[in-house]
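Chemist: First the structure, which I've put down as structure tokens, then a few questions once you've had a look.
The values are calculated or read from the model by the stated rules, or taken from the named source; none is laboratory data. Because the structure is predicted, anything quoted here is derived from the model rather than measured. Heads up, the Cβs are rebuilt from the backbone with ideal geometry, glycines too, and the neighbour counts pull from every protein chain shown. We work out accessible area using only protein heavy atoms, side chains counted, and drop any ligands, DNA or RNA first. Shrake-Rupley method; radii C 1.70, N 1.55, O 1.52, S 1.80 Å.
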Amino acid sequence: MAVGYGPALSLLALTLLGALSFGARSANPVQLDEGAKSQPLVYTLDLLLPVGGLGQRTAWWWSNDSIQGLAYLLIASGWVLTTAVIAGVTRTLQKKN
């Protein structure tokens, strides 16, 4: 399971970074007066987790280039780290059988 801890801790650290960064700035709604309220933690999880959707990613955008860049970084990191966590968990479960 040691292989799964590094990526899992990285996901946790990126979740904290994203929630703090997105919470410190104002998001722009894609459509005025429609959609879910901006929630920085849920927005971050929506970017990091490559499966499903929490409704935040498609409802908000950022006019600040560095924050928008962080959003893209979280999407790419989420794919890589989630795959690593799943591989680590799968490996651990196969060893127990």
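Chemist: Hey, can you tell me all the residues within the range 81-97 that are exposed (fewer than 13 other Cβ atoms within 10 Å of the Cβ) and not charged (D, E, K, R)?
Modeler: Once the filter is applied, which keeps residues that are exposed (fewer than 13 other Cβ atoms within 10 Å of the Cβ) and not charged (D, E, K, R), the range 81-97 yields 83, 86, 90, 93, 94, 97.
Chemist: Could you list all residues from the range 6-50 that are touching a residue at least 24 places away in the same chain (Cβ under 8 Å) and β-branched (Val, Ile, Thr)?
Modeler: The answer is 15, 30, 44.
Chemist: Can I ask one more? Could you run through the range 12-39 and say how many residues are part of a helix (DSSP H, G or I) and open to solvent by 40 Å² or more (accessible area, probe 1.4 Å)?
Modeler: Number satisfying all stated conditions: 6.
Chemist: Going by what's in this entry, would residue 53 be described as within 13 Å of the chain's Cα centre (by Cα) and either over 26 Å from residue 8 (Cβ atoms) or modelled with pLDDT under 85 (or both)?
Modeler: Values: within 13 Å of the chain's Cα centre (by Cα): yes; either over 26 Å from residue 8 (Cβ atoms) or modelled with pLDDT under 85 (or both): yes.
Taking the combined requirement at face value, the residue satisfies it.
Chemist: Taking the stated definitions as given, is residue 87 of a type outside the set (Val, Ile, Thr), modelled with pLDDT under 85 and under 13 Å from the mean Cα position of the chain (by Cα)?
Modeler: Here the answer is no, as residue 87 does not meet what is asked.
Chemist: Taking the range 43-61, which residues are open to solvent by less than 40 Å² (accessible area, probe 1.4 Å) and assigned to a helix (DSSP H, G or I)?
Modeler: Across the range 43-61, the qualifying residues are 43, 44, 46, 47, 48.
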